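Heads up: the structure comes next, in C-alpha cells.
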Amino acid sequence: MDIGEILEHLPHRYPFLLVDRVVAYEPGKSIHAYKNLTINEPFFVGHFPRVPVMPGVLIMEALAQAAGILSFKTLGVKPDDTSLFYFAGIDNARFKKPVTPGDQLHLHVEILRRIRGIWKYKAEARVDDQIVAQAELMCTKRDIV
C-alpha cells in the first residue's frame, strides 16, 4: 500500500500520521509497514535537542496505526465520520533501543484475537532487524456520532 491508500485506511494526518508504507498484509492475520524517520520530524525538536530520540509513546502509536490499517482491511471497510478505533490498552510494553533520525522503523503487527469488540495484537517495532520496541496492544471500534 502506498501513502494514498494508507490515507484511505487511517483517519490520521500530518503531523500525526506515522505509517509511510505497507509492505505486506494478510487480512485477519498480520501486517508489515514502516515509517521513515528524518530529522524534520516535529517531535525531534524537543525530544531531545542534542540527542534526538523518537518518543516511545509515538512508537506505540505507529504500531497502533498499523494495527488500525489491519483492522480496517480485515473488516473490509474504510474509516468514516461515524466511528473510530481507539486504544483500549497496552500490555507488556518494552523499549530495547532508541530510534533516531535516519532510521526506518518497521512495524510488525499480528492479530491475536478479537472478542466482544476488543481486538488484541502482538506488536513489534524493528530497526535493521533488531527489535526496538514490543507490546501487546488492544483497541476497540466505537461510534462517534
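Here, each number is a calculation from the coordinates, and none is a lab measurement. Remember, it's a predicted structure, so these values are computed and weren't measured experimentally. All Cβ positions, glycine included, derive from the backbone under ideal geometry; neighbour counts span all protein chains shown.
What is the list of residues in the range 56-97 whose amide nitrogen lies under 18 Å from a point 7 angstrom out from the Cα of residue 130, following Cα to Cβ? 56, 59, 94-97, by backbone N distance to the label point.
Between rounded, prolate and oblate, where does the chain land on the alpha carbon gyration tensor, with a ≥ b ≥ c its root eigenvalues, rounded for a/c under 1.5, else prolate if a/b exceeds b/c? Since a/c reaches 1.5 and a/b is larger than b/c, the shape of the chain is classed as prolate. Among 83, 71, 30, the largest mean-square fluctuation in a Gaussian network model of the chain (Cα springs under 10 Å) belongs to 83. Per-residue 3J(HN,Hα) values for the range 99-111, derived from phi via the Karplus relation 6.51 cos²θ - 1.76 cosθ + 1.60 with θ = phi - 60°, read 10, 10, x, x, 6, 10, 8, 8, 10, 10, 10, 10, 6 Hz in sequence order (x marks Gly and Pro). Of the chymotrypsin sites (Phe, Trp or Tyr not before Pro) found in the range 3-47, the ones in coil according to DSSP and having at most 14 other Cβ atoms within 10 Å of their Cβ are 16.
How much length is gained on full extension from residue 84 to residue 29, taking 0.36 nm per residue of separation minus their Cα-Cα distance? Provide the component values of the computation, followed by the final result.
Numbers: separation 55, 0.36 × 55 = 19.80 nm, distance 2.03 nm.
Extra length available between residue 84 and residue 29 comes to 17.8 nm.
Tell me what the chain gives for mean residue ellipticity at 222 nm when only DSSP H runs of n ≥ 4 count, each as -39,500 (n - 2.57), the sum divided by the residue total, rounded to 500 deg cm²/dmol. Each step should come with its number before you reach the end.
Values: 2 runs with 27 residues, N = 145.
-6000 deg cm²/dmol, from helical runs alone.
In degrees from 0 to 90, rounded to the nearest 10, what is the angle of the helix 56-75 Cα long axis to the longest principal axis of the chain? For helix 56-75, the angle is close to 30 degrees. Of the trypsin sites (Lys or Arg not before Pro) found in the range 1-44, those in coil by DSSP whose Cβ has at most 12 other Cβ atoms within 10 Å are 13, 29.
By counting other Cβ atoms within 10 Å of each Cβ, how are 22, 53 ranked from fewest to most?
Details: 22 21, 53 13.
Ranking 22, 53 by Cβ neighbours within 10 Å, fewest first, gives 53, 22.
Between the alpha-carbon centres of the range 6-26 and the range 65-103 there is a gap of 9 Å.
Taking 16 Å as the cut-off, the amide N atoms of the range 1-19 that come nearer than this to a point 7 Å along the Cα-to-beta-carbon line of residue 75 belong to 8-12.
In this structure, the residue pairs whose Cα-Cα separation is over 21 Å, taken from 73/96; 97/141; 29/120; 78/141; 29/96, are 73/96; 97/141; 29/96.
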